[in-house]
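The values are calculated or read from the model by the stated rules, or taken from the named source; none is laboratory data. This one's a predicted model, so the numbers in the text were calculated from it and none came from an experiment. Note that each Cβ is placed from the backbone with ideal geometry, even for glycine, and that neighbours are counted across all protein chains shown. Ligands, DNA and RNA are excluded from the accessible area calculation, which covers all protein heavy atoms including side chains. Shrake-Rupley method; radii C 1.70, N 1.55, O 1.52, S 1.80 Å.
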Amino acid sequence: MRSKPSRPLVSIVVPTLNEAENIDPLLTRLFDSLKSCAFDPEVVVVDDGSKDNTRANVRKWETDYPVRLLERGREGGLAGAVLAGTRLAQGEVVVVMDADLSHPPETLQALVEPILTDRVDMVVGSRYVRGGSTPGWPMLRRLMSRAASWLAWPIVDIHDPMAGFFAVRRTHLLDKGLDVDGFKIGLELLVGGSESLRVSEVPIEFRDREYGESKLGTGVIVSYLKRLRALAGGSVSPRSALMFAVVGTLGMVLDVLCFMGLTVAGADLITAHLSSFLAATVFNYVFNARWSFAHCTEMQNQGWRRYARFLIVALLALMLRGAVLGSLVEVHHWPASVAIVLAVFVAAVVNYLGSAFFVFPLISGIVRPEIRWRVAAVGVVGYLFLLRLFYLGLPDLMMEEAYYWNYAKHPALGYLDHPPMVAWLIGLGTFLLGDTEAGVRIGAFVCWCLTGMFGYLMAKDLTDKSTALRALMLLAVLPFFFFTGLMMTPDAPLTASWAGALYFLQRALLHDKRGAWFGVGLCVGLGMLSKYTIALLGPATIVFVIMDRRLWHWLRQPGPYISAVVAAVVFSPVIIWNAQNDWASFAFQSVRRLEEKAEFGLPLLIGSLFLLVTPFGAIAAAKVLSKRHKYEPAEETPSDHSNKRRMRFAIAYALAPLLVFVLFSLTHDPKLNWTGPLWLAVLPFIAGDLLPIPGEVVSSSSAAGRRLWRPTIIACMLGYAVFLHYVSLGIPGVPYPERMTMVGWHNLASQIEVIEDKLESDSGLEPLIVALDHYSIASHLAFYRNAVNLKGHEPEETEAIQFTTGRHLFGGGSLMYQFWFTPELTPDTPMILVDDDRRDMDSAAVTNCFDKISRVKTIRVMVRGKHVTDFYYRIGYGYRAPVG
């Protein structure tokens, strides 16, 4: 006769401390709920020195039920109690739960079943997944609990990392690498356990205890924060945190005193800001290294490396401090003595976090490289987010931004050289924030946030949360994506739309979500309102569908066709404008580009790749796209095939558009920014390649390549911070180049306005400002003359815009200015001609159009009292339009 197969044993570990009133209700409910379960239960109660009848009440159950009592002191805290009970337990699966009845015993089977069927290794009872709840909690406690979970979000993959109710394989809890220092053993396991740990969540209803006293207090909160910082790789303890705060406070006082002393002595804002910061950071480093973090013996032998890390953190803090100071003083007009306090505080926070996680990190085996990358990703994204936010209103507009601001002042359904989305976004931004640099750029900032959201969600769908965080970091730090999130050009909404379209495409094609096709159509339509290049996603989709027979059924489904209709409807304003204007924009972007002089532009295209995503980023993308997929085993499984499909998705949506640009570049020069958005499809896999997968044989070249990402990211962050500080506030001792195009426009506009006012007073006519370059000077003068008028409270916005135009009056090209201002409107108006090239002033094409013209004069452009460049002007009278 065949013996009856034995049932699995599940051990339930219950730590207790003064829970006498809860023991009987807990065990009664627990064993009642397990009467029909598919496993044999045992309960191990671990008591840490209760002073009531807890132990006596447990002993009553030991005779008739599989209950055991482990008596001990309070060594190791709650985590130590759980591990002690686990060592005594005999089951293959261990369930950890509280004794206060806040964890419903009726949910226990739902926790255990996925582990017994080998679907996962750990199941957490969660309050914050669908179906979970916390009835009866006051709002303050809900907020505190959520805040605690949000703090742990970067380093865990579940919704409720604070949960103390979970089931896990016993071997994982007894892993020798698991540190027991903490009160949330589940959090310790999630962060410090095996990289291959498979985790899921089930909903629970979490109710407060009815009997006994809660163990939650200030000490527990402090312990949690301390442990969370350690699990994330930070070396700051309460003692060193206090020391750091003391040093930081003294450094802040020194900083402010030096700043005020220098300003009183006559130093300018930037010199005082840099000098006082330098004094404070030297003070902070010496005392932090010798006192606050003297216990970090692991760092004592790193010498110059630690000092170099300190300098990096200090420089990043300095540049961000400059952004805060400049924004508050020059944009929001705060007193410098008040603004410096907030600026110093922001820099202190950057220094604190940089010291804890970068200069003096915790060197410990419990912090896996994956966790360090997660923390680094959050730090990089957070820093660059703030850097862009505070620099939005500081640098002068680029020529493209000023030109597109003029778009917004001439509302239309379309424009010659670009669709209208950039104008609409600038119009909305300036409506909210005024005609300021921040008003122009806020749309780009919001678009990057959307790009980051869609990029993160797509990477999480294609890979996992850890890789998605690294992909988000690359979206923040690579040059193309950084600057499209700061400077308002059509690339900002295009990139956001491209990211959204890719996200919905992978939802439709890889996850068979039919409703995602509407999102595809909406994003493609919005992208077409930004730049026409997003239409290349259509051929890429066809390529991907052809590559995978399982997708052919979509050719017979309405989803893709509905998507095309939605895109066409969203794009219809541009179609209407082109129909009304002889299809001018379509011709400009197609026939006109093909008619340009033939040039072999492939080297320029390749160079643009290195510029947009850094040389190492371009090499990493080529490596990911070209190599045999690293997940591909000898015997293919469904999971392996899914990995191949995801790689095909990246290949199709990156290489198909790239092939179009390559073919065009064989006979024409491409634009430098064209290929930027297509790398969105590859970023999740570049991010995945930053770390080796378990079991991968790592070559020396791969290891070296992965190490190079760290200096690449640091160099990009420092480069952006220093560049923005330089163009916004300057750097003492570093002059601006002669042709620097992002400084001096305020001063030039002010001087032109003085000339214009005098000429108007003398002639009685409103002069017309005519820039002789393509469009840059006209666009800048329109914006900054408008800013000068608004600052002087003069209601002359319309005049500043309408009485500024381009060289099409003399037969040259000036893009949309030929639509906005025609020669017939200016027969008797005096004209002030402006250019940065004196030779243009003397050309016959210009001088022959006037009855009388003055001599050329020079305008010396000054920034903070220093000469930066020269412009030239002359005044023409009696304008005649050129013949032919």
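Stokes-Einstein D for segment 100-148 at 4 °C, 1.567 mPa s, Kirkwood Rh over Cα pairs, in µm²/s?
Values: Rh = 12.7 Å.
In µm²/s, the coefficient rounds to 102.
What ranking do 38-49, 464-475 get when scored by the average of other Cβ atoms within 10 Å per residue, highest first? Could the numbers behind the result be given before it?
On the way: 38-49: 20.4, 464-475: 24.2.
Answer by packing, highest mean first, reads 464-475, 38-49.
Only helical DSSP H runs with n ≥ 4 go in: add -39500 (n - 2.57) per run for the chain, normalise by residue count and round the 222 nm mean residue ellipticity to 500 deg cm²/dmol. When only DSSP H runs of four or more count, the value is -17500 deg cm²/dmol. Note on segment 646-788: Rg/Rh from C-alpha atoms, Kirkwood Rh, equals 1.18.
Treating the angle as unsigned and between 0 and 90°, give the value, to the nearest 10°, between the Cα long axis of helix 77-88 and the longest Cα principal axis of the chain. Its long axis makes an angle of about 50 degrees. The base-10 log of I(q)/I(0) for the chain, evaluated at q = 0.05, 0.06, 0.07 Å⁻¹, reads -0.38, -0.53, -0.70 [Debye formula, identical scatterers on Cα atoms, solvent excluded]. Ligands, DNA and RNA excluded, the heavy atoms of THR107 present near 20 Å² of accessible surface to a 1.4 Å solvent probe. One way to sum up the overall shape of segment 824-884 is the equivalent ellipsoid from its Cα gyration tensor, whose semi-axes run 27, 12, 9 Å, largest first.
Rounded to whole Å, the principal axis extents of the Cα atoms in segment 1-117 read 52, 27, 26, largest first.
Shown here is the pair-distance distribution of segment 338-457: with all Cα-Cα distances grouped in 10 Å bins from zero up to the longest one, the shares run 11, 30, 27, 18, 11, 3, 0 percent. With Cα atoms defining each centre, segment 538-616 and segment 422-448 are spaced 26 Å apart in the structure.
Among the trypsin sites (Lys or Arg not before Pro) within segment 13-82, which fall in a DSSP loop and have no more than 11 other Cβ atoms within 10 Å of their own Cβ?
On the way: sites: ARG29, LYS35, LYS51, ARG55, ARG59, LYS60, ARG68, ARG72, ARG74; in loops: LYS35, LYS51, ARG74.
Those satisfying the criteria are LYS35, LYS51, ARG74.
When DSSP assigns beta bridges and you keep just the ones with both residues in the chain, what percent turn out antiparallel, to the nearest 5? All intermediate terms of the calculation are to be shown ahead of the outcome.
Numbers: 24 of 54 bridges.
Of those bridges, close to 45 percent are antiparallel.
Straight Cα distances below 25 angstrom link LYS623 to the lysines LYS460, LYS465, LYS644, LYS671, with same-chain residues fewer than 8 positions distant left out.
Computed on segment 398-524, with alpha-carbon pairs under 8 angstrom and 6+ residues apart, the relative contact order is 23 percent. Here the mean projected area of the convex hull built on the C-alpha positions of segment 454-588 is 9.2 nm².
Taken per residue, the accessible surface of segment 509-572 reaches 49 Å², heavy atoms only and a 1.4 Å probe.
Calculate the all-directions average of the projected area of segment 384-535's alpha-carbon convex hull, and give it in nm². The partial results should precede the final answer.
Values: hull surface 36.5 nm².
Taking the Cα atoms of segment 384-535, their convex hull projects to 9.1 nm² on average.
The accessible-area ordering, largest first, of the residues LEU143, LEU111 stands as LEU143, LEU111, per a 1.4 angstrom probe.
Element breakdown for the chain at a 1.4 angstrom probe: carbon and sulfur atoms account for 62% of the accessible area. Across q = 0.14, 0.16, 0.19, 0.23 Å⁻¹, segment 324-405 modelled as identical point scatterers on its alpha-carbon atoms has Debye log10 I(q)/I(0) values of -0.67, -0.77, -0.91, -1.09, in the order of the q list. Could you state, as a whole-number percent, how many of the C-alpha pairs of segment 365-417 are farther apart than 12 Å? For segment 365-417, the fraction of Cα-Cα distances above 12 Å is 76 percent. Projected onto their three principal axes, the Cα atoms of segment 444-528 cover extents of 36, 32, 15 Å, largest first.
In this simple spin-label approximation, LEU116 and ASP40 carry label points 7 Å from Cα along the Cα→Cβ vector, and these lie 1.3 nm apart.
Working with all protein chains in place, sort MET144, MET647 by solvent-accessible area computed with a 1.4 Å probe, largest first.
Values: MET144 95, MET647 20 Å².
In descending accessible area the options line up as MET144, MET647.
The loop-placed trypsin sites (Lys or Arg not before Pro) in segment 703-742, going by DSSP, that have at most 12 neighbouring Cβ atoms within 10 Å of their Cβ come out as ARG739.
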